[in-house]
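Here is the structure we will look at.
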Amino acid sequence: IWRDSTGLVVASMTANGKLYTTIPPTGDNLGNHTATTHLDMSSKAIFGVSSMTITGAGMSGAEPLFTVASSTFNVLANGNVGVGIANPTNQLEIKNPVSATNMQFDTSNPAYVTLMINGAPVARLKP
């Protein structure tokens, strides 16, 4: 066992003469990089998965945990999903970009689902 001047073990050797160091190699932490250019993968995927779990800083329910193309598809921590809506207030909220119409599905009543257009109920559906 070899120690540095502070008493920290820096290396050890087995009876067979195999040397083990305990000092981390020089360099940086691979997960601690800031990109300075685009990653060109020549149209090749970095990874492929059949399912994905995404977590983030928006655990309060107000900030998106998952966003596609700015605010075209958002999933909030509280379970609300917005398509074309940055901050959906219902479990499912869809915005029609052509007519600026919002369609919401309110599931707060367990007996039925309310379909709303721009916040006004237009139909109740029984499950």
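No value in this document is a laboratory result; all are computed from the given coordinates. Fair warning: this is a prediction, and the values are worked out from it, not measured in the lab. Here Cβ is always computed from backbone atoms with ideal geometry, including for glycine, and neighbour counts include all displayed protein chains.
May I ask you to evaluate 6.51 cos²θ - 1.76 cosθ + 1.60, the Karplus curve with θ = phi - 60°, for each residue of segment 108-122 and list the ³J(HN,Hα) values in order in whole Hz, giving x for glycine and proline? Couplings: 5, 9, x, 7, 7, 10, 9, 8, 10, 10, 6, x, 9, x, 10 Hz. Does segment 64-125 come out rounded, prolate or oblate by the C-alpha gyration tensor, with a ≥ b ≥ c the root eigenvalues, rounded set by a/c under 1.5 and, if not, prolate when a/b is larger than b/c and oblate if not? It is oblate, given that a/c is not under 1.5 and a/b is not larger than b/c.
Going by average Cβ density within 10 Å per residue, which order do the peptides 91-101, 4-14 take, highest to lowest? Mind showing how you got there, number by number?
Details: 91-101: 13.1, 4-14: 9.8.
Those peptides, ordered most packed to least, come out 91-101, 4-14.
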